[in-house]
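Just so you know, all these numbers are worked out from the coordinates, no wet-lab data involved. Since we're looking at a predicted model, the values are computed, not measured. Every residue, glycine as well, gets a Cβ built from its backbone with ideal geometry; the counts of neighbours run over all protein chains shown.
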Amino acid sequence: MTLTYKIVVFPGDGVGREVVPETVKVLKAARDTVTGFDFDFVEFPCGGKYYLESGKEWPDEAWEACKSSDAVLFGAIGYPGAVKPNGVLAGIDILLGLRFDLDLYANLRPAKLFDGVESRILDKGPKDVDFMVVRENTEGLYVPIRGMLSRGGVDELAVDVRVITRKGTERIVRYAFELCMRRNGAPGDGKKRVTCVDKSNVLDGCRFFRKIYDEIAEGYGKVQRDYVYVDAMTQWMIRAPEHYDVVVTSNFQGDILSDLSSVLIGGMGMAPSANVGERYGLFEPVHGSAPDIAGQRKANPIGSILSGKMMLEWLALKHGDKACERTAAKIEEAVSSVLSEENIRTPDLCYGKYSGVTPSTTSEVGDAIVEKIEKS
Ligand code: IPM
Ligand code: MG
């Protein structure tokens, strides 16, 4: 029996429009090497540029398509000058809206350094960096409980409410422990470890988060507990990445830590992510629309391609689909093999040891990955 997965595709703005087509190309090539499943890709425009052209952030049918999808592939949001009357960047509410409305409570952001990529951090190599930031994705500072107070035409006060709930924390912490059980442990000592990152020395929400972390941890005797305040984490993550296996944290802290972790793996162009819940999944590179390099064929497609790989892993787990699992592994091997040959890479990776390499274009990197997949 062939399972056909309906994949809704939103390239969005800027470099999203360059890296998402490479991802679709790689996914199709990988699918063609196995039997058992197929894709039905349905693409929609969205974002700032679309807003300037149409007055809307996305077409009306797009939401229904997402609701009947098996997964969503997302590019990036943000176009210069595209701002809504309320001051919000056009398209941001699409992304945040999907995270909330599809209840994508877990935002998974792996920091894994590949052979053939130099870490920006001295003396850290592929043997040291392989952890996963599990970012809570449907509460914290991102709840839409916020506002401005204006009196007599003067903006006087702005409030953003940070919400930490029992349900939200239990499910994200449980997700982190379950994920840890499927992984191989921290690179430094091989121990399975879930690190709780919070600011519980000051914030009640964080004390609550940590309390629930402890309750859930009771059920996972094989996993080592670990605690660190978020401010301290910004230096430990860089000084000793080998200590970390799974890192669980609230929404805004996870947003910041995941960008920081990208310096360990060669930069934002290398960072993939998965936003998942019980029913839906949305997969996107961590980088944004990068207007400064958009349209110049310079964007690194690997963050997006690896997000596509995460989509396959998630579909595999959800549907017990072995063909999907093998396909995901093929994509990761192909990426790894292209990088370890050291001659094909976009300009963002041509530094240090690789500063003499002639930079490849976005689609040359995509083509090289496809070629490896076809040979596998
Ligand atoms: C991210 C981004 C988003 C976030 C923005 C674009 C709303 O920074 O995915 O990390 O803050 O979550
Ligand atoms: Mg971010």
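Some values worked out for this structure:
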| read-out | value |
| --- | --- |
| Tail fraction, Cα-Cα pairs, the chain, threshold 39 Å, whole percent | 14 percent |
| Residues whose placed amide H lies under 5 Å from that of F283, excluding near-sequence neighbours | V72, L73, F74, N275 |
| Under 11 Å, Cβ to Cβ, from H243 - net charge with Lys/Arg +1 and Asp/Glu -1 | -2 |
| Normalised contact order of the chain, rounded percent, pairs of Cα under 8 Å and 6 or more residues apart | 22 percent |
| Under DSSP loop assignment and at most 12 Cβ neighbours within 10 Å, longest trypsin sites (Lys or Arg not before Pro)-free interval of the chain | 1-126 |
| Antiparallel content of DSSP bridges confined to the stretch 119-265, in %, to 5 | 35 percent |
| Charge sum, other residues only, whose C-beta stays under 11 Å from I344's C-beta, Lys/Arg counted +1 and Asp/Glu -1 | -3 |
| Whole-Hz couplings from phi, Karplus 6.51/-1.76/1.60, listed for the stretch 79-86; x for Gly and Pro | 10, x, x, 8, 10, 7, x, 7 |
| The stretch 179-184 - phi-based ³J(HN,Hα) in whole Hz, Karplus 6.51/-1.76/1.60, Gly and Pro as x | 4, 4, 5, 8, 9, 9 |
| For F39, residues with placed amide H under 5 Å, excluding near neighbours | Y5 |
| Cα gyration tensor shape of the stretch 119-265, rounded if a/c is under 1.5, else prolate or oblate by comparing a/b with b/c | oblate |
| In order through the stretch 144-157: 3J(HN,Hα) via Karplus (6.51 cos²θ - 1.76 cosθ + 1.60), integer Hz, x for Gly, Pro | x, 10, 7, x, 10, 10, 10, 10, x, x, 10, 6, 10, 7 |
| Cross-link partners of K199 among lysines (Cα-Cα below 26 Å; sequence separation of 8 or more within a chain) | K112, K167, K191, K211, K222 |
| Loop GluC sites (Glu not before Pro), the stretch 53-109, which have at most 15 other Cβ atoms in a 10 Å radius of their Cβ (DSSP) | E61 |
| Ranked list, fewest to most other Cβ atoms within 10 Å of each Cβ, for T33, T346 | T33, T346 |
| Loop-resident sites, the stretch 217-278, for GluC sites (Glu not before Pro), counting at most 14 other Cβ within 10 Å (DSSP) | E218, E278 |
| Rel. contact order, % - alpha carbon contacts under 8 angstrom, at least six apart, the stretch 119-265 | 37 percent |
